[in-house]
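Peer 1: Please find one structure pasted underneath; my questions will follow.
The values are calculated or read from the model by the stated rules, or taken from the named source; none is laboratory data. On a predicted model such as this, the values are computed, not experimentally measured, just so you know. Here Cβ is always computed from backbone atoms with ideal geometry, including for glycine, and neighbour counts include all displayed protein chains. Only protein heavy atoms, including side chains, enter the accessible area calculation; ligands, DNA and RNA are left aside. Shrake-Rupley method; radii C 1.70, N 1.55, O 1.52, S 1.80 Å.
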Amino acid sequence: VFHGRIVARRVVGQETRYEVEVKAPYRQRFPLVAREYLWVPNTCGCPALRQGGEYLLMARRHVNHEHTLNRILLQDDGYARPWTPREARLVREAARHC
């Protein structure tokens, strides 16, 4: 779970790749750098992440069996919500308990 700002969007094959500026990590099982690519396994624009928008994102690290693919994937069971100070406070409180 992290707070990120969408820098760019690009369709690559059957997926959408977002370049994200990581503003703040809240709960992470893998290290994040200042700029990450967030992959969505569709090209429909779902979820609708707009360039310049800030979001609270829950994604997973995806590594294939051959270990040739290592990326952050926003799956159907993840979420992308517009970031607000209230959302940030709620996530910080939840992270302390989980």
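Peer 1: Which residue pairs have Cβ atoms closer than 6 Å, lie 6 or more positions apart in sequence or on different chains, and pair a first residue in segment 1-26 that is at negative phi with a second residue that is small (Gly, Ala, Ser) and loosely packed, with under 15 Cβ neighbours inside 10 Å?
Peer 2: Between residues of segment 1-26 that are at negative phi and residues that are small (Gly, Ala, Ser) and loosely packed, with under 15 Cβ neighbours inside 10 Å, the close pairs are His3/Ala24; Ile6/Gly53; Glu19/Ala8; Val22/Ala34; Tyr26/Ala95.
Peer 1: Which residue pairs have Cβ atoms closer than 7 Å, lie 6 or more positions apart in sequence or on different chains, and pair a first residue in segment 78-98 that is touching a residue at least 24 places away in the same chain (Cβ under 8 Å) with a second residue that is open to solvent by less than 90 Å² (accessible area, probe 1.4 Å) and in a helix (DSSP H, G or I)?
Peer 2: So the pair list comes out as Arg81/Glu87.
Peer 1: Filter segment 10-29 down to the residues that are of a type in the set (A, V, I, L, M) and within 14 Å of Ile72 (Cα to Cα) and list them by number.
Peer 2: Within segment 10-29, Val20, Val22 meet the criteria.
Peer 1: On to the next question. Which count do you get for residues in segment 66-98 that are within 17 Å of Pro41 (Cβ to Cβ) and over 10 Å from the mean Cα position of the chain (by Cα)?
Peer 2: Count: 5.
Peer 1: Please note which strands (runs of 3 or more DSSP E) are completely contained in the chain and include at least 2 residues that are modelled with pLDDT of 80 or more and surrounded by 15 or more Cβ atoms within 10 Å (Cβ to Cβ).
Peer 2: Counting at least 2 such residues, we get 2-12, 15-25, 35-40, 54-58, 70-73.
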